[in-house]
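Structure, as structure tokens:
The values are calculated or read from the model by the stated rules, or taken from the named source; none is laboratory data. Every value quoted in this text rests on a predicted model; they were computed, and no experiment measured them. The area values use the complete protein model at the heavy-atom level, side chains included, leaving out ligands, DNA and RNA. Shrake-Rupley method; radii C 1.70, N 1.55, O 1.52, S 1.80 Å.
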Amino acid sequence: MAVSVDALLLRAGLRELRNAWGEDWISPLRAAYPESVSLRFAHQAQEDLLYGYLMLPRKLPLEDGVWQAWRARLSELGLAGAELHRLEKQLDLPGVSQGQEPHAHYVVETDADEGWMQEIERWYADEHLPGLASVPGCIRAQRWTNHDGGPRSLACYDLVSETTLGSVPWLAVRGTPWSDRTRPHFRNTRRTMFQRLSAPEFSQGAGVV
């Protein structure tokens, strides 16, 4: 069975990567996944959690056999604690602060009560993601379907700073009647504030955004 994929999500520990490969830890990843055309990374220091987005050149239908081979590449790198997930893009909206430097990367991952995922997807598409993209300090708003290990829905926001989350416009978008009806049906929810890693912090190579 083929699954449509726009990007790969790497979940790993930054210390594990640096212990394995030193400061230029991105080079082995780039060599292992030459299909990716750009790479973006964000780190949560308290839990030492790294999220890496390996962007593919276009939406690709991955057959199970191909996917298993791609996952095996990660095992061959010797990263026992790392995970690889297939992401399918649902929404990608430029924020009102597009063009500014992103210092924070906020991720909301969730499953849903039985029968509620379709409503949650509609809420994200019609109200929530466009609303948050319009908040000053939001550079980019995206939503993905995670086809491996979940939670199934992954929404992420590149922000000028962490303080955007507490701003009056952001809280207003979060506090709508539709939000109040929908959010109680989130399950297995994870909310994580990351710091975006810029290219000089982790690599000397090209192709990193």
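If Asp92, Asp48 are ordered by their accessible area, calculated over protein heavy atoms with a 1.4 Å probe, which sequence runs from highest to lowest?
Asp92, Asp48
In degrees between 0 and 90, to the nearest 10, how far off the longest principal axis of the chain does helix 64-76 point, with axes built from Cα atoms?
70
As a test of reading the structure, rank Thr182, Thr163, Thr192 by solvent-accessible area (1.4 Å probe, protein chains only), most first.
Output order, biggest surface exposure first: Thr163, Thr192, Thr182.
Rounded to two decimals, what is the ratio between the C-alpha radius of gyration of the chain and 2.2 N^0.38 Å?
That works out to 1.02 for the chain.
If the elastic network links every pair of Cα atoms under 10 Å, which of Glu101, Glu16, Glu114 fluctuates the most in the Gaussian network model of the chain?
Looking only at Glu101, Glu16, Glu114, the largest GNM fluctuation is found for Glu114.
Per the 1.4 Å probe, what fraction of the accessible area of the chain, in percent, lies on carbon and sulfur atoms? Write out the running numbers ahead of the final one.
Values: 4940 of 9750 Å².
Summing carbon and sulfur atoms, their accessible area is 51 percent of the total for the chain.
Got a number for the accessible area of Ser153? Probe 1.4 Å, square angstrom, nearest 10.
Answer for Ser153: close to 0 Å² accessible.
Per residue, what accessible area does the chain have, given a 1.4 Å probe and all protein chains present, in Å²?
Averaged over the residues of the chain, the accessible area is 47 Å².
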